[in-house]
1. List pairs: first in the range 88-104 and under 18 Å from residue 210 (Cα atoms) and of a type in the set (A, V, I, L, M), second assigned to a helix (DSSP H, G or I) and at pLDDT below 95, Cβ under 9 Å, 6+ apart or cross-chain?
2. Quick check on the range 123-139. Is at least one of its residues within 28 Å of residue 195 (Cα to Cα), in contact (Cβ under 8 Å) with a residue 12 or more places away in the chain and polar (S, T, N, Q)?
3. Might you check whether a residue that is in a helix (DSSP H, G or I) and out of contact with any helix residue (DSSP H, G or I) (no Cβ under 7 Å at 6 or more places or on another chain) occurs anywhere in the range 176-190?
4. Which residue, of 326, 320, 303, is in contact with an Asp or Glu (Cβ under 8 Å, 6 or more places away or on another chain), surrounded by fewer than 17 Cβ atoms within 10 Å (Cβ to Cβ), in contact (Cβ under 8 Å) with a residue 60 or more places away in the chain and in a loop (DSSP other than H, G, I, E, B)?
5. Filter the range 149-194 down to the residues that are of a type in the set (Ser, Thr, Tyr) and touching an Asp or Glu at 6+ places or on another chain (Cβ under 7 Å), then identify the one that is surrounded by the most Cβ atoms within 10 Å (Cβ to Cβ).
6. Just to be sure I understand, how many residues within the range 24-59 are modelled with pLDDT under 50 and surrounded by fewer than 16 Cβ atoms within 10 Å (Cβ to Cβ)?
7. Identify all residues within the range 306-317 that are assigned to a loop (DSSP other than H, G, I, E, B) and buried (at least 17 other Cβ atoms within 10 Å of the Cβ); write none if there are none.
8. Does the range 84-99 contain any residue that is among the acidic types (Asp, Glu), over 18 Å from residue 182 (Cβ atoms) and not assigned by TED's automatic domain parsing to the domain that holds residue 279?
Amino acid sequence: MIIPHRALFVSLFVFVASLTVLTAEQPVPTITSALKPFVEKQELAGAVVWVGAVDKSASLGSVGFADIEAQVPMRENTLFWIASMSKPMTGAAVMMLVDEGKIHLDDPVEKYLPEFKGQHLALLKDGKQTGTRAPARLITIRDVLSHTSGLPFKSPEEQPTLDGLPLEKAVKTYASHPLVFEPGKDFLYSNAGINTAARILEVVSGMAYEDFMAKRLFEPLGMVDTTFWPNESQVARLAKSYKPGKDGMGLEPLLIGQLHYPLGDRSKRFPMPAGGLFSTAADVGTFGLMILNGGEWKGRRYLSQAAVEELTRRQTPPELSRAYGLGWAVDADGAGHGGAFATNLSVDKKHGLVLVFMIQHSGFPGEGKKALGAFKAAAVKAFANP
């Protein structure tokens, strides 16, 4: 269903836009003001934004709707599917084991997962497989975390949703198919690679991946709303997902096709390290501050400074156009990651800020895709140290 007529939508917006300022002197309204035009033009349903720095209190704001049809406003504790923003968190967890000397980034994957022994490389001609041969070298943990392993995005067995197989079973399907390029020689965005790294974490730690994440990362950091299985109260706070309406005008709701419903069903939904997490802006921001602060937060060390540097430096070969770290997209100013439904985390080292942009969109009408850039520009202008 298309959203209400624009005039009605704009008048409703006056009542539903909300803002919480945790630090009174910080000019947060300038940030939400930068997003209001996108909401008013029906190019953005709504957003929750969070800005933090190591030496300042964080600021949190919201604008627009979590559910347009029911006229539910975005609120500071609105929950979102953060999708591939799960990757940096998984990368951080794997690096905890590196810090502890239990694994090394250049260890072959088959050292921990014997199903990868004897893996072959596909020989392709005109996009079709003509045979296989042994790769020049084995894939490593570094490869699977940086999308340079030659593993595909997913396996054919991961149907119809990405969360329908237990992690151990999903990873075995990756090992049963040949690599699509020589390890370390190319880049292919690969959920399979991140999931494989998480399976190594399970084998080495002796803990289920989801338990490791909860006990070693989420609970100590106070990330109380970060989960693979939103409970009933969390589902009630979940932002509805939207896509462009008919003829690219306005917005209409949709379900997340990559996930099985109901979302709290642990018998049919399994943790997906590459993209299965739900979270809030504040939770994601806290994780980002730990990274910005070199792996330490509120007196507790989660990662060594060296581990953080390894996570957030370029790991892809210089001749490739894609700059990627270990579960993190990287550039000259810092590191971060986006999600399939347009959520975004940015650890801006240049300006000393963590920026979190939470929306739930599969595409945008009009100029809605410019909302992220507008948020970042307004946040840096308002919060960066002079």
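The values are calculated or read from the model by the stated rules, or taken from the named source; none is laboratory data. The model shown is predicted, which means the values in this text are computed figures rather than measured ones. Reconstructed Cβ throughout: ideal geometry from the backbone, glycine too, with neighbour counts over all protein chains shown.
1. none
2. yes
3. no
4. Criteria check complete, one pass: 320.
5. Here the residue is 149.
6. Final tally of qualifying residues: 3.
7. Scanning the range 306-317 gives 314, 315, 316.
8. Yes, that holds for at least one residue.
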